[in-house]
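Laboratory data are not the source of any read-out in this text; all were calculated from the coordinates shown. Everything numeric here is computed off the predicted structure, so don't read it as measured data. Here Cβ is always computed from backbone atoms with ideal geometry, including for glycine, and neighbour counts include all displayed protein chains.
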Amino acid sequence: MKSLLCSLILLGTSFLLTAQNNAETYRIRAKKAIGPIQLDGTLDEPSWQTGNEKATRFKLCFPNDTAYSKWQTEVRITFDDLNLYVSAVCWENRSDYTVQSMRRDFGGGTTDVFNILLEPNKDGQNGFIFSVSPLNVQREGLISTGENMSLEWDNKWNSAVQTFEDHWTVEMAIPFKTLRYNVSADENSWGLQFIRTKIKDFESNVWAPVPFQYSNTNLSFAGRLIWDTPPPKPGANISLIPYSIGSASIDYLRDANTLEVKNRPQTWKGNMGLDAKIGLTPGLNLDLTVNPDFSQVEVDRQLPNLSRFELFFPETRQFFLENRDLFAMFGFPETRPFFSRRVGLAYNPVSKRNETVPILAGARLSGKVSDGLRVGLLSMQTQRRDWDTVSVLPAANFSVATLQQKIFARSTISGVFVNKQNFIEPLNETQKSGWQPWNRVAGLEYNLYSADNRWEGEAYYHRSFSPDKSKNGSTAATFLGYRGRKASANLGYSRSDSTYTAEAGFVPRPGVQNLYTGVGWRIFPDSDLPLFPEDGWAAKHITNYELGYSGSATFGLNGQLTDGDFSYFFKTYFKDQSGTNTAFYNNFVYLFAPFDPSNTGQEKLPVGKYTNFGVLFRYFSGTTTDLQGNIGFNYGGFFNGSLLSSDGSLSYRWQPIGRFSLQYNYNRIRLPKPYASADFWLVGPRVELSFRRDLFLSAFMQYNTQFNNFNLNARLQWRYAPVSDLFLVYTDNSYAEGIPNSPVRLFSPKNRAIVLKVVYWLNV
């Protein structure tokens, strides 16, 4: 591990010298506005007509990166003491407009859009994105770890659009206090990128060129915004976000043996709470919450689970999202020392489902202390939950402290400390069983991001501490990946002691070693396959082929192979964003304990090793047509039997009203008797409608036979003021199937609830 860590540091040093020249070549100067800017989309102010430089000659990054877009964009920037202003002329025929809906925060690749990326700190890792569609539908998001976009972040800004037969114009006003940045007399530039996406005859183009193999949001290729005079200090940035809520629910309590309904308790609740966002310094933000409620967040999409381990679900609650990389990205995906979903969500062993846990209050300090140093501090206090007289979830405090220092071009060295304090003193001896008064994790981590974005690496060491010495252990890992235009490769290794314990983290499987390997090669038909004519079908329709290998192997600490998954794949990518993937795989599992993969409570498979082979195929469409979808098939061995599975989705875009979609997953398990065979269906139709820019309805159902649950979730949202909403939410859980020899029939109810929540955003 020491040798690989040294290699990572040397790579970070060497690639500092090979940084992309976009920052030197693609520059635009921002001069102070000449008179006021009236946001109407007409671009008739003096600042847009004279004196300001223009960004143009946008270059394609998809379907290729060698040509300039024929649908060009012209962008200018100016500012005053309050706002950064952006104007753009986007050439596109009105008949070509594609807009999925009028709902804010539309997904990538669904809507024609003009984007501006701002990177005030120029660290190549963190930035802001603001986007507008031809119908003036907005979205805003955060960029983290160099290119990943999160759209759950909300803030106040304004825009206006005018449309014409062959182009549309947009004006944007982004308040400086919305952004996080430091003002320095020596620093007069920000990272800057403009991106256009046109869905019909799909193309994506950028102002500062981005190579084909990278995301167009990759900050390492950003150009520069040069300030004619330094941007103003953001000033006081205090937002108060109070809410009030009322709810009614009914539970159908059943006899444990007969499942007959014995009681129908009804609960009526009302509550209030407050969030606050306070800009302590231009780069440092304090988030406070008192009695928060996340009932307006959609329930998790259910997934089939045929494994022996816990599934990972992403965080969507806004309080935890800004600067989330400072808290959530330590470790590997299966060794996270802190997982924010542990706060306020827990598994109820009585109802056998995940339920919310009241959060009393919380605070989160995050951001930049200096140009190279970032800090993150978090503390959340949860309330005790009595599942029944025996099973109790004690009140707990979750605290995290992190420091991150930038080194070389984009790499970082970080430290993390996580503490979970369980308040078990009020519990009786039975209730205390299995609980430790505290659990802590401390660790160091090095992350490599080369300046030219080809190399990515990681090395870390974490150690856990508890009063019970048998829960003290460590985990360590190294990873190195290469991503070139044609070749890609990665190699990683991790190890977790069997005693490593991270109660506030996500560690589904301690006590193992993991080896990750992968190689890939990309082939471009117009240049790599001379037998194919340049004007032939392949060159006209296919962007590239990719073939390769990916594998992972899990070993016990004694070196015994316990799990393996190895596949050889061939992928085809088309210029309309559609594609195919064909793979042949081999997997290996050693069961150390009897296991029923059907989760039906029937005969368990015996301890031993199981080796299987299989094949899978997947097709996915692009987003250029209103009817879209994907479908996949998998067939192969499964323990001592076979598994046939299929999953996919179908959606129809009714622009600009919304979208209708259907997702499904089917698993057909066949095992020899006396072991269980089973057929599992997970079907989820969904409707998303936008009646106006401020009124939205989303509803989806989840029919899950594996867990015998049918869920309905419907949410009506009215944005009655900027970033201020009224939510009406209805949820319903019932049995997806009847249960033999019981009165439970198809769709027999489990619980129902309706919630009305009002949120108001007040800038002080």
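Can you sort Asp228, Asp251 from fewest to most other Cβ atoms within 10 Å of each residue's own Cβ?
Asp228, Asp251
Can you give the FRET efficiency for Tyr590 and Arg509, using 1/(1 + (r/R0)^6), R0 = 22 Å, r = Cβ-Cβ distance, to the nearest 0.05?
With a Förster radius of 22 Å, E is 0.95.
Under a plain spin-label model, where a point goes 7 Å from the Cα along Cα-to-Cβ, how far apart in nm are Tyr568 and Trp537?
2.6 nm
How are the Cα pair distances of the chain distributed, in percent, across 10 Å bins from 0?
Using 10 Å bins, I get a P(r) of 2, 12, 21, 26, 23, 11, 4, 1, 0 for the chain.
So what's the range 20-227 giving for Cα Rg divided by 2.2 N^0.38 Å, two decimals?
0.94
Output the relative contact order of the range 240-390, whole-number percent, from Cα pairs under 8 angstrom with separation of 6+ residues.
18 percent
Which of the residue pairs Lys156/Lys198; Lys122/Lys540; Lys277/Lys406 have a Cα-Cα distance greater than 29 Å in the structure shown?
Too far apart for the 29 Å limit: Lys122/Lys540.
Once each part is reduced to its C-alpha centroid, what is the distance from the range 205-284 to the range 529-605 in angstrom?
Each part reduced to its Cα centre gives a spacing of 34 Å.
Which far-off residues, 5 or more places away or on another chain, put their amide H under 5 Å from the one on Arg454, with H placed in the peptide plane?
none
How much mean residue ellipticity at 222 nm does the chain get from its helices, if each DSSP H run of length 4 or more adds -39500 (n - 2.57) and you divide by all residues, to the nearest 500 deg cm²/dmol?
It lands at -1000 deg cm²/dmol.
Could you give the radius of gyration (one decimal) and Dmax (whole number) of the Cα atoms in the range 148-284, in Å?
Cα only, the range 148-284: 24.8, 76 Å (Rg, Dmax).
Near Asp626, within a Cβ-to-Cβ distance under 12 Å, what is the net charge of the other residues, with Lys and Arg +1 and Asp and Glu -1?
Overall, the nearby charge balance is +3.
Amide H of Arg384: which non-local residues (sequence gap of 5 or more, or other chain) have their own amide H closer than 5 Å, using H built in the peptide plane?
Amide H neighbours of Arg384: Ala395.
Return an integer: the convex hull volume of the alpha-carbon atoms of the range 586-711, in Å³ per residue.
121 Å³
Where does helix 2-15 land angle-wise versus the long Cα axis of the chain, in degrees 0 to 90, nearest 10?
Taking Cα atoms only, the helix is inclined about 20 degrees.
So how long is each side of the range 339-477 along the principal axes, counting just the alpha-carbon atoms, biggest first, in Å?
The Cα atoms of the range 339-477 stretch 58, 32, 26 Å along their principal axes.
Quote the relative contact order of the chain in percent (integer), defining contacts as alpha-carbon pairs under 8 Å separated by 6+ residues.
10 percent
Tell me which residues come under 5 Å, amide H to amide H, from Trp654 once H is placed; ignore anything under 5 positions away on its chain.
Sorted by chain and number, the residues that satisfy this are Arg659, Phe660.
Ranked highest first by the average count of other Cβ atoms within 10 Å around their residues, in what order do 195-202, 301-308 fall?
Going from most to least packed, we get 195-202, 301-308.
Apply the Karplus curve 6.51 cos²θ - 1.76 cosθ + 1.60, θ = phi - 60°, to the phi angles in the range 287-298 and return the couplings in whole Hz, x for Gly and Pro.
9, 10, 9, 10, 6, x, 9, 10, 5, 7, 6, 4
Please list 372-379, 475-482 highest first by mean number of surrounding beta-carbon atoms within 10 Å per residue.
475-482, 372-379
Place a point 7 Å from Cα of Ser370 in the direction of its Cβ. Which residues in the range 156-195 have their backbone N less than 19 Å from it?
181-188
Which FRET efficiency, nearest 0.05, do Leu728 and Lys352 yield, Cβ-Cβ r, R0 22 Å?
Plugging the Cβ-Cβ distance into 1/(1 + (r/R0)^6) gives 0.20.
Pull up the cross-link candidates among the lysines for Lys262, meaning alpha carbon to alpha carbon under 25 Å and not fewer than 8 places away within one chain.
Lys352, Lys750
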